[in-house]
Structure formats: C-alpha cells, structure tokens
Amino acid sequence: MTKIDINGNTHDTPKLNDSQLNTLAVEDGEYKTLFTPKFSGYKKWEQHNEKLIRAFIPGTIVEVFVKPGQPVKQGDMLLILDAMKMNNQVKSPINATVKEVNVKVGDKVSKGVDLVVLE
C-alpha cells in the first residue's frame with residue numbers, strides 16, 4: 001500500500017508504479033501522475049506562517065531594527081541580511097508585535113533559520 005496525503009487527509013492506495021502513469025480519483029475528478037523515486041525524499045510541504053520570519057537565503061545579519069515587545073506595521077523594516085554582497089531588506093508581512101529576535105548583527109545564518117517571531 002502507498003499513503004497519499006490530500007488536503008491533510010491520508011489515504012491508503014494500492015502500490016503505485018514508479019515508472020508508469022497512474023490515475024488518482026479524488027473528490028473533484030481524476031488526475032494522471034507519474035511517481036518517481038526522486039520525489040519520495042522531498043521535504044513535506046508546510047503551511048506558510050506569517051508570524052515566523054525565516055532567512056530566505058544564507059547570509060550575514062548586517063543590521064537589526066527591532067527588539068522584543070516592539071509593535072511593527074506591515075512593511076516595517078525588521079533587519080538587513082547581506083547575501084552575496086547584496087543587502088536584503090527583511091520587512092514585516094503583517095501588523096504585529098515582535099515576540100522574539102533570534103539574531104544579532106554579525107550572525108551568519110543558513111537558509112530557513114528563524115530570524116524574528118511576531119505575535
């Protein structure tokens with residue numbers, strides 16, 4: 001059996017063939033798809049969280065403009081991340097209050113690292 005996740009619901013299906021076209025029937029119709037082993041190890045998709053600001057590229061923190069407890073408006077500058085000799089402005093996507101600042105000037109960060117948490 002193979003498990004397939006559709007909108008958060010897991011379904012058991014007969015073993016799908018890796019190298020041939022498979023038809024999946026779901027509530028809104030049928031889909032044809034080709035399953036290949038290279039996709040089986042991919043990271044599971046997760047819902048975007050506007051309150052969790054992550055590094056979108058590896059780099060160095062050049063400047064931090066906020067501190068915990070500080071209110072911010074959508075578009076306010078949170079910090080500057082230098083990547084490949086370019087200063088990338090990281091702005092607040094929402095009106096919120098800064099809950100945590102997990103970096104300081106000079107920190108080197110990897111892609112996906114939590115930089116700022118809003119509430």
Any hit, the range 1-21, residues being within 21 Å of Val117 (Cα to Cα) and either more than 20 Å from the chain's Cα centre (by Cα) or modelled with pLDDT under 95 (or both): no
The range 65-88 residues that are in the same structural domain as Asp107 (by TED's automatic domain parsing), paired with ones that are part of a loop (DSSP other than H, G, I, E, B) and hydroxyl-bearing (Ser, Thr, Tyr) (beta carbon under 7 Å, 6 or more apart): Val72/Ser92; Lys73/Ser92; Gln74/Ser92; Gly75/Ser92; Asp76/Ser92; Leu78/Ser92
From Val66, Val90, residue being over 21 Å from the mean Cα position of the chain (by Cα) and surrounded by 17 or more Cβ atoms within 10 Å (Cβ to Cβ): Val66
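The values are calculated or read from the model by the stated rules, or taken from the named source; none is laboratory data. Being a predicted model, the structure only gives us computed values, none of them experimental. Note that we place each Cβ from the backbone using ideal geometry, even for glycine, and neighbour counts take in every protein chain shown.
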